[in-house]
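What follows is one structure encoded as structure tokens, with my remarks underneath.
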Ligand SMILES: Cc1cc2nc3c(=O)[nH]c(=O)nc-3n(C[C@H](O)[C@H](O)[C@H](O)COP(=O)(O)OP(=O)(O)OC[C@H]3O[C@@H](n4cnc5c(N)ncnc54)[C@H](O)[C@@H]3O)c2cc1C
Ligand code: SF4
């Protein structure tokens, strides 16, 4: 900037250009289009470059936010990207789907008076700018210099971060993933219109270039045991197997045809491309009236995908609390509404009704009212006696949460687990009860966020380095 006097801070964020709702429900392309160079300069110049930046404390991986924003504001996008990538293995992912409104942006000092700086949008711009150039990323001076081998199980954000940190520290890293594709929930759960699979794969390519060896179709605990992995010479193992086991309501007739877990529904579409059947092999049952049960990101994704599938005229979200208690990101709820999803709040399913072919045709729900807040501060829902009603539907997606898959722990009873099946770790080191075996992400915390899983992967990597050097 040449002016001596700093221009007045704009009170509002630079708006994100988006596909209009009526257009976007006809495709799976990204809803948010991203800033262009002019927009990013304007937004980055809103940052006050605080001496004690509160935004950094709000970031689970401790990104130097003012630093990358300063480079962006100066138009030095290469330095901005390099600064970001030092702290965050997946900036193009986080710039799109991190709940910034509850993290860095919530802590931004500008937010006291105006809208906070659009930190996530600037992050996305820099990451996309780099992916477009595709010829530069910090190479990491120490890549694979040591003979020491370490292994990582699962390939979601916690594992990818741990693997990236370990390879940059010079170790030989192998990642074993059960599915045929890498990325965890980022590729099989989150739809392309929020996070394109191609973006995740491009970020993974960078880490592959660093020298990480990825192996797919390996279900650890079945095709390969932890003992086998140790026998292959690995000095430490990180478990980042996530929480991919779907919960059901356990109400009558849940076995009916047309009742899906959100996991199965999302995997069929996002990973197996059922929306493009028969071009792709995986089909999905045709339907007209879809009901999604739940109020989180998974429910919003399931409903918004349904809106994009041919023939699904009515899509309803049934949630047992009110809108303010919905755990989904506010932006997702607004997008779902704009796209024509109907919200039926304060209801809880009691049973499904099946037709003669065993296919769901309706469900019985009961109305709920809210009582006192629970231990997490959300008001507890209670059924209103005698308020049952019938809701017609021919396709149901149960999106009420996921837990850890017990397979790996059943095969390794030495690994201590909680009553919810999550792995117990030492909070300082992320080591499990099995020496040399570390864990992090949803398998430890239960269903959380991408950035918190990444933070855990980073913390575990630091402890793994200590362990292999001093064991
Ligand atoms: C539909 C949906 C939408 C979401 N939206 C958001 C969002 O917008 N923003 C956000 O921050 N978070 C979101 N989340 C949450 C976020 O995706 C997770 O918190 C995060 O992916 C957890 O990362 P992870 O590394 O622990 O595990 P995961 O991403 O679950 O990855 C675990 C990987 O391990 C593999 N695996 C499991 N068992 C084995 C085994 N025995 N052997 C080998 N591999 C194994 C799995 O196949 C999987 O690939 C969403 C979650 C869902 C389900
Ligand atoms: S708190 Fe906000 S204004 Fe201050 S440095 Fe961070 S992003 Fe910039």
Shape descriptors of the range 21-133 over alpha-carbon atoms, Rg and Dmax in angstrom, are 13.8, 46
Among DSSP beta bridges lying fully in the chain, give the percent that are antiparallel, nearest 5.
-> 35 percent
Counting each DSSP H run of 4 or more residues in the chain as -39500 (n - 2.57), what helix-only mean residue ellipticity at 222 nm follows after dividing by all residues, to the nearest 500 deg cm²/dmol?
-> -9000 deg cm²/dmol
Mean 1/r over distinct Cα pairs of the chain, inverted to a Kirkwood Rh in Å, yields 23.7 Å
Which whole-number percentage describes the relative contact order of the range 316-471, with Cα contacts under 8 Å and a sequence gap of 6 or more?
-> 13 percent
Which percentage, to the nearest 5, of the DSSP beta bridges contained in the range 247-401 is antiparallel?
-> 45 percent
Got the relative contact order for the chain handy, in percent, Cα pairs under 8 Å and 6 or more residues apart?
-> 15 percent
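Given the peptides 361-370, 419-428, arrange them by the average over their residues of other C-beta atoms within 10 Å, most packed first.
Details: 361-370: 18.1, 419-428: 14.1.
Highest-to-lowest ranking by the protection proxy: 361-370, 419-428.
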Stretched fully, the stretch from residue 471 through residue 57 gains (0.36 nm per residue minus C-alpha distance, one decimal, in nm) 145.8 nm
Extending each Cα 7 Å along its Cβ direction at residue 198 and residue 338, get the distance between those two points in nm, one decimal.
-> 2.2 nm
What nm distance separates the two modelled labels at residue 76 and residue 282, each placed 7 Å from Cα along Cα→Cβ?
-> 4.5 nm
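Efficiency by 1/(1 + (r/R0)^6): what FRET value for residue 113 and residue 391, r their Cβ-Cβ distance, R0 = 41 Å, to the nearest 0.05?
0.35
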Sorted by packing (mean other beta-carbon atoms within 10 Å per residue), highest first, where do 170-178, 92-100 land?
-> 92-100, 170-178
From the Cα centre of the range 260-309 to that of the range 41-113, the distance in Å is 34 Å
Full extension between residue 428 and residue 208 adds, at 0.36 nm per residue less the Cα distance, a length in nm of 76.3 nm
Find how much the distance from residue 357 to residue 29 grows on full extension, using 0.36 nm per residue of separation minus their present alpha carbon separation; answer in nm with one decimal.
-> 114.5 nm
Report relative contact order for the range 56-201 in percent, whole number only (criteria: Cα-Cα under 8 Å, sequence separation at least 6).
-> 21 percent
Label point distance in nm, residue 254-residue 101, each placed 7 Å from Cα along Cα→Cβ = 3.0 nm
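Each reported figure results from applying straightforward, stated rules to the coordinates on display, with no laboratory input. From a predicted model like this one, the values you see are computed outputs, not experimental measurements. With ideal geometry, Cβ positions are generated from the backbone for all residues, glycine too; neighbour counts draw on all protein chains shown.
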